[in-house]
Each structure stands twice: as structure tokens, then as C-alpha cells.
Amino acid sequence: MTEGQTAVLAVPGGYVARLDGDVDRAVVDAVEDEIVRRTTPTAGLVVDLGAVSFLDSAGVSLLDRLVRRHEQGGAAVLIVAPEGGSPRFSLRVCGFRPDLLANALPEALAAIAPR
Amino acid sequence: MTAEPARGASGPLEESAEELYENAPCGYLSTDPDGVIVKINRTLLDWLGYDRADLVGRRTYQSLLSVGGRIYYETHYGPLLRMQGEVREIALELLRRDGSRIPALVNSVARADAAGAIAGIRTMVFEASSRRTYERELLAAQRFAERSAQRLSVLHGLVSDFAAALTPEDVGEVLVRGVRQAVRAVGGAVWLLADDDATLVRVNHAGAAHHPLLLRAPLDADLPHAAAVRGNELIQLASVEAARRRFPGFAEILADIGRDRALFVPLAVGERAIGVVGLSFDDTGEVDDDDLPMLRTLGHQAGQALERAQLHAEAVVRRRQAEFFAALSRHLDEAPGLRQRADRLVARLVPEIARWARVEVLVDRRLTRLASASLPVADEASAASAASAASAASAASAASAEDAPDASAGAVPGQHVATALATGAPQVATTDVDGTGPAVEVALPLRASGRVTGVLVMGLDGSRDVRGRLGFLGELAESAGLALENGRLYDQERENAHTLQRGLLAGEPLHDPRVAVTTFYRAAGDGLEVGGDWYDAFPIGPHKVALVVGDVVGRGIRAASAMGQLRSAIRALAATGLNPAALLERLDRFVDRFDVGRVSTVVYGELDLTSGHLRFACAGHLPPLVLEPDGDRRFLWGGRSGALAAHAGIRSRAEDAVRLRPGSRLLLYTDGLVERRDAGLEEQMTRLAREAGRRRRAPLTAMLPDLVDALVEADQYDDVCLLCVRFGVEPRFERELPADVAQLKSLRDDFRSWLSAMPLTADERDALLLVCSEATANAIEHGYRACDDGVVSVRAEVVDRVLELTVRDRGSWRRPNPETDRGRGLELIRSLMDRVSIEPGDCATGLGDGATEPGTVVTMRRRLTWKAAA
């Protein structure tokens, strides 16, 4: 599995960035470049960590920067990190805002879709 | 004097003196001392056309002379006569009555009286018309002979100069210099027919006009030099007026540079002109009709010299080109793949041929740049001008100016490239974007099997004739296109074989905490063809795994396919519950029956996950290596027999068994790992044991590539295939890894595997993984800020349900700063662990001499809940 592989898709209301493998400090720069290049801060963003096996503090910082970018752009951001998964644990211990977290992709997509 | 003397009264031989005087074949004239005519004979009167009465007593002798003669009479003739009494053979001109002149030679004698004074003068006149004509002819002939001799010597001089001329330019130079001098022309120029036989190009000139029409003109142009070549005729324009009538355009140029006349001499080989020398004159020049044949001859001589020089130059150029092409194709052939060949091509072209070059090929109908190279911009000034030119242009051309300029600012960038692709014909565009002077960019289509597959773009010096070199450049593109196509085919074939091989090697991962398997495959350095090396690991029942590494003789698709068949056969035989020796015997029969993979070598082992028992058999294969957690290492030399179905090999198969301790690593490998050109097998196996032993604590997945790097040369001629098994769970987790964050994942994988043997909750497992990763990352990032070859040690152990994790670096000790990442990472660690201590790593170096190493030791403890289910 290629670590930190990133796929960005356009969805109603913004984008979904689907990450893969281990997201740690060895790959965060490449992941961030890819997401920033393919999305705009004024559109909604869902970061799907459903396939991520590990998230370290550098990965949490990356998510923090993405949240700031899109909230400042006036758009909604959601992080999909299923309960019981390793990324969810990392986000929790780092004190990530619970309102930004979703358990599954559909609820996150609904949250950014235009009403 | 009153009457004419009678004639013929006596016989012809008895003429009277008077008769003789009057009708003598010369003129007689008597004057008084002042020159007044007193007597004159009939002969002279007839010559002059006067009657006697017109002259006698009325006219002086002097008055019958031309002006020049009269002056001569006053200054020389008269005084000499008075002093010497006579003058002889004076050449004078007498005036006839009608004003015309009679050239004459005269003798005069003064007649003295008794007192010695001049009493009269007697003059005899000889008519000298014919003599003067002759003399004039004589003089002219002499002058002609002199000019001829001069022309001949010019001609000889030029001909020997021609003989020494090696290149057409040399001939041109000789012509311009020599002919201009010979005929005192002010300007001279030589044009030659270009290779296309339709263009005249000026190769040499001196004192000639600088007009674009004169630099290069089509052969059918309405210009005198073109006309001279077309008709192989000498063209003389005797005046600007004459020029205006025939070549109005040229007349203006001639007048502009203040010349009166011009002459164009074709340089001919046989009946065909291959060039022309042009001469222009002001009024000091001297060329007359007599010179024309000489010039014509010179034109022939020059034509021959040119042809010879051209042949010579062509031979030299051909030889150089042939040498260049041979060297180029040798150079390209050394690299097998498309991209490597493209890189080599541009590196070869710059600067030898071009200022910049790039290769672009069509991939899915889009041009993709494969390689580019360019000369560095000469100095800062030109760099600045190039930069400003680029910034003034569009963003697109600014981007391209970084490596090579695309096209002239005026033209549509890349238009010539697009045209070359569309038409398949070379295209030329002028440019000076790189700030080093005028240049042309040539886009040459690259072909393969009749299709245009890409384009070779080269920036050439603009001051040289590019169109004349298109033939050579076309050949260059031809051979480059061929080499690149072969490179592409090679890539494709290799990709196919590798895809097949990858498909055959891919196996489902083992999900069992009691064992971890990692594999590594590296193709031979030349990458030419896939080899027949393979590895395999698969479960046999719930508590056993089979481990295989083998090597099929040969390379390429056939070897890959044989490898696939052996691999499947082993899996099928293993499922029947045979022990390793029996399995190899069956495999021999399989090879014999289907004749695939004969003399392949293979090592087959079965590892019991509950006990660590390994039963194995080696068919001609190198012995497996066991690495114990405490550092012991040994090759497994037992269970050996010959290669598969080898006629000379030992057919009775042997097997052996060993017991692996938890945490041991077992390494299976192919001979590519230990065969080296510069070292013996035994020596290399010793090295393998040493290098592998040093890495026994490396994170498992990172271990194999690192080991191959340490043992195998980059240009290794054989494939390398490795399989490493970590058996069981070591009681104490110990890893050492280089200070590289890319190794963190491998460390976590091992740690996760180690933790998986313990009855932990998901949160505990996640917490310990996160802590291990963060603490190690801190050590990497902060312990080795100044150097990057450091090693980080990670240790974990459970004592009385307390997990103690220690991360040690040997970087310079720094007191933790809560404001930095390390501080924040530490906060996270502290929130997840019960106790955290950070100390300077004054630990023993292990050298036993009491020395200590600097560094930081972070020790973290957490009490585990220890699920009851365990």
C-alpha cells in the first residue's frame, strides 16, 4: 500500500479527500500539497480517514490547517474517522473538536452538501 | 620656274636633274633663313595639296607644321640647325591644306654665305605614315604582350593559390583577393550554389555591398550574379545605366555604394556554373575586352578548384558526420530505456552541436518532454536580459525559459514544433530568447515505423547557415528516432515481463501474530530482462507456514513463466502434506515430465508457528541464514542436494531441521545477493552474515532494501530476491533505525506486531503505537538536527504488567522546550503514559572502557490493563 496516497473528488458542495495507509510526518507534506492544489478554501471539504491505519501528531496538525483554511474561507469541513479506528484515537487525544468529526462518509457528505 | 620641265625627251635613264628634283620620291623644300619657302618640289606639293603659288614666297616652313611640330621647331629644330648646320630624321607632322596630317621624317641642312651666316635652308621630307602605323602597332603589341604576361602571372598565381585551397571558402577568399587586385576592382564577392541547387549564397566578399539580396538569393532571381550562373555566361554591366536596363534592383545597389561598373564571371565546371565571382568598379578600375577571356579562364580554374574543395570538404564533413553518428549510436545503445536514451541524446548534442536541445514525444497524443539540456547562460548581464525577456513574455514562455527558450517572441510559441509534428518536415524558427545572440530553433520530427512519434528540438547558432545543415540534422533525427524507438520498445517489453513477474510474485499476506514475513526483489542493474528468481510464503494448515525462495535458470518471459509453474507446483505439493525432501523429489518428477525449470535451485522450508521448528531442504540453493535476537547468526548448511532434475545432481533429497527462538529472523535469498565480480562467494557470505547481523534490530520491512544496498553493486548483473521471516514474539522489543522519518512506518509495523501478542485494548494499542511513533520522531528530528547518519534505538519490555518504552538517540543533549514540537509531542506522550523521564544519555558506549555517549534517553511507562481474555 502506498502511504499517504490521496484521492480528491468533487462532490456537491465541495470536495472529498480520501487518504490511505499511514499518515505521518514522512508523508504529510505531499498529502497537503495534493489537497491544497486540488481544492479551493471556499468550497466544503470532507477528509475521509476511513482507510487510514495510523495518524500521528503531524497528521493531526495537517487536519488542523485544513480546517482553518476552509473555515476561514467560509466553508464547512468534516473529518471522517470511524469510532474504534486508530485515527479517531489520535484525534481524540489531541483534543480535536468533536463537531468536526464524522463516523461515516455519507453523514459528512450531507453536512457539506448545499441545502 | 616658269615652265614645267619637259618629260621623256630623253630616255628614262637620262632624266634631267630638274625632273628628278620635281618628281623625287621625297619632298624637297628650300627656305630663306626665316623659313619663308623659296622653292618646293611637286612631290611635296602633291602630298600637301597646295599649288606652288600658294606657298612660294608666301608661307613659312614652320606654318606647315602641326602645333606640336612648331613648338619643337622653335625649341629644338631651329636652334640645332643654327648650331650644327643640319638636323636629321626628325619626326614631325605636316599639315595638309585640308587640315589633315602627314607624319614625316625630315632632314634639314643650312646653307651658309661667305660670311658664315645662314643664307638658306634645304629640307628633305620623307612621308612616314606607314612607318608610324607600324611603330604604333609595335608599341601596342608590346603593351599587349606586357598585359598578357601580367594576366598570365595573375592567373598562375591564382591557380597555385587555388590548388592550396582546401575549402570552398578558401577558394572564395583567393578569388576575391586575387581578382580584385588583378583588375583593380573596388568590390568583390563570391557566391556559390547551395546544396539545394536553387539558392546562391555569398561565401566571401570584400568591399562589397551589404544588401540582403546579395547575401542569399534564389537562383531564378533577377540579379546579375544569378543570371551569370543560370546562363553560365559572363555578364558585364558597363555603367549604372546599363545595369538599370537589365537589372534595375541591382543597379540601385551599385549606385548606392558609388560604383560605375560591375562584372560577373561564372565559376564553371564544364558547361555548368556552380558559382560566380562579382566585381564592382569605380572609375579607377581597368578592365577591357582583352581581360574578359582571362577572367573567363579564371572562372573555369576557380570552378574546378571549388568542385575539388567541395568534394574534399564534403568528404571531411561526411567522415566527421559518420564518426559522430557512430559515436552517438554507440553512446545511446549503452542505455537501454527510452528516458535514459533521451537524456544521453541531449547531453551529447549540447554543446557539441546545439546551444540547447530537448526531446519531446507523443504520449496519448500529447507532447511530453523526456529530456532537455542547454548551455548555461554566459554571464549575469545576459542572464538578466534573458530573465527580463522571459518575464515580459507570457507565463508560459517564462516557464520554458528556465530550461530552454521555446520560440521567438513574435511567433506563436511552439508553432514550429506543432508544424513539424503535423507535417513530418523539419521546421526552423528564429529566436534570441536566451540572450546569447541570434539563434534558430530547429524542430526535427522523430519517426518510428513511418509515424511521427515526437520531435527533437535544437537551438543552433543563428549566424550559421541552418538550411544548408538540414540534411545532416535530418539524418541525426533519423538515427535518434530509431534509437529512441528501440528504447521505447525495450521499456515496453521489460514492463510486460515485470508485470508478469509481479503478478506471479504477489501472494496474500499472512495474518498471524506469530510470524512476520517481508520480501524484496531487485532487478539486475542493467534491467534488461526479468530473471527467474522468486519467493513465496503461504500457510499450510493453522500452525505452519511454507517458505520458498528459488531461482530458475535463464531470463526473460520464458524464465518468468517457468518460475510461475514451479511456484504453483510447490504450492500444490505442499498442500498434500509431504515433508520437504519428499516434496523436492516430486518436484524433480514434475520438471522431468514437463521439462520446465530444469536445473533451477530452490530452498523449501516449513515453519511450525507453535514450536519454532523449521524443516527445510535445499536443492542446489544457497543456505538460509538465521539471525538470533542476541546477535548469534548461522547459515543452515544441512538438508542439501542438487539442483532440480539436474542430470548430474544428487537425486535423493535430504532435509534437516532446526529450532528458531522467538524473535529470530530467517533469511532466504538468491545468489544475486552474494555474487560479486570483485569478491569470492565465501567472502561475500561472510559479509552477508555480518551485514545482516548488524541489521537484526532494524525494522523488518526496512531491513532488506538496506541490506541489498550494503551488499550489491548498483550495476549488479543478476536479480536479487530475498525473503525474511521473523518468528515469534521476542520478549524484549529492540529496534535500531537510521534517523529517517520514512522508517517510522516500518518501526510501527514491527511494534504493532509485537504488541499484538499481548492482550491489550484497542485504545491501549493505539496509545502505545502513537507514543512509540511520536517519541521516535522526536529523537529523529531533534536528536540529529546537525547530522543525518545517526541511529535511534527503541526498546520495549513488559515487566509486571508495566510496559516500559525507551527511545534513545545519540544527538547532542537538549533540555526539552515546551514551546517546540518536541514539547507538544511530549505533552501528548505524557497524556498517554503514566510516567515519562527525559535524561542525558550518559550511557556506556558498550566498548567496556568506561566511555559514555551523549544523547537523550526518553523512558516512558504505562501500566497495562491486561485483558482477562488472554
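The values are calculated or read from the model by the stated rules, or taken from the named source; none is laboratory data. These numbers come from a predicted model, not from an experiment. Glycine also receives a Cβ, built like all others from the backbone with ideal geometry; neighbour counts cover every protein chain displayed. We work out accessible area using only protein heavy atoms, side chains counted, and drop any ligands, DNA or RNA first. Shrake-Rupley method; radii C 1.70, N 1.55, O 1.52, S 1.80 Å.
Observations, loosely collected:
- Tilt relative to chain B, helix B:129-164 - C-alpha long axis, 0 to 90 degrees, to 10: 10
- R0 of 60 Å, Cβ-Cβ distance residue B:137-residue B:196: FRET efficiency to nearest 0.05: 0.70
- Rounded to the nearest Hz, the phi-derived 3J(HN,Hα) couplings of region B:617-627 under the Karplus curve 6.51 cos²θ - 1.76 cosθ + 1.60 (θ = phi - 60°) are 9, 10, 9, x, 9, 5, x, x, 10, 9, 10, where x marks glycine and proline.
- Reduction of at least 20 Å² in accessible surface, 1.4 Å probe, comparing all protein chains with the chain by itself, residues of region A:22-41: A:22, A:24, A:25, A:26
- Highest-fluctuation residue, A:73, A:95, A:44 considered, GNM on chain A with Cα pairs under 10 Å: A:95
- Against chain B, whose longest principal axis comes from its Cα atoms, helix B:700-711 is set at around 50 degrees.
- Once C-alpha pairs closer than 8 Å and six or more residues apart are averaged by separation and normalised to the residue number of region B:143-315, the relative contact order reads 25 percent.
- Nearest 10 degrees, 0 to 90: helix B:580-594 Cα axis against chain B principal axis: 40
- Distance in nm between pseudo-label sites at residue B:683 and residue B:425 (7 Å out along the Cβ direction from Cα): 6.4
- 222 nm mean residue ellipticity, helices alone, for the protein assembly as shown (DSSP H n ≥ 4; -39,500 (n - 2.57); rounded to 500): -12500 deg cm²/dmol
- For region B:626-743: rounded, prolate or oblate by the Cα gyration tensor [a/c cutoff 1.5]: oblate
- Net charge contributed by nearby residues that have their C-beta within less than 12 Å of residue B:538 (K/R +1, D/E -1): -1
- Cβ neighbours within 10 Å from other chains - mean over A:93-101: 2
- Pairwise centroid distance, computed over Cα atoms, of region B:313-344 with region B:670-696, Å: 39
- Karplus (6.51, -1.76, 1.60) ³J(HN,Hα), θ = phi - 60°, over region B:352-358, in Hz, Gly and Pro reported as x: 4, 10, 10, 7, 8, 8, 8
- For chain B: rounded, prolate or oblate by the Cα gyration tensor [a/c cutoff 1.5]: prolate
- Shielding by partners, peptide B:761-767 (average Cβ within 10 angstrom, other chains): 4
- Taken residue by residue and averaged, Cβ atoms of other chains lying within 10 Å of the Cβ of A:50-61 number 4.
- Annotation: peptides B:298-304, A:81-87, B:602-608, ranked by per-residue average of other Cβ atoms within 10 Å with the highest first, follow the order B:602-608, B:298-304, A:81-87.
- Largest accessible area first, the listed residues B:129, B:600 line up as B:129, B:600 when surface is computed with a 1.4 Å probe on the assembled protein chains.
- Calculated P(r) tail over 43 Å for the protein assembly as shown, as whole % of Cα pairs: 65
- Proximity of backbone amide H atoms, modeled 1.01 Å from N, is registered between residue B:446 and B:453, B:454, B:455, B:456 at under 5 Å, excluding neighbours fewer than 5 places apart on the same chain.
- ³J(HN,Hα), Karplus 6.51/-1.76/1.60, whole Hz, each residue of region B:751-760, x for Gly, Pro: 5, 4, 5, 5, 5, 5, 6, 9, x, 10
- Taking a ≥ b ≥ c as the square roots of the Cα gyration tensor eigenvalues, region B:12-127 comes out oblate, since a/c reaches at least 1.5 and a/b does not exceed b/c.
- Distance between region B:240-261 and region B:45-124 - C-alpha centres, whole angstrom: 54
- Protein accessible surface hidden between B and A, which excludes ligands and nucleic acids, total in Å², probe 1.4 Å: 1400
- Chain A - percent relative contact order, Cα under 8 Å, separation 6 or more: 27
- Taking a sphere under 13 Å around the Cβ of residue B:107 and counting the other residues whose Cβ falls inside, with K and R at +1 and D and E at -1, yields a net charge of 0.
- Net charge of neighbours whose Cβ lies under 13 Å from the Cβ of residue B:224, counting Lys and Arg as +1 and Asp and Glu as -1: +3
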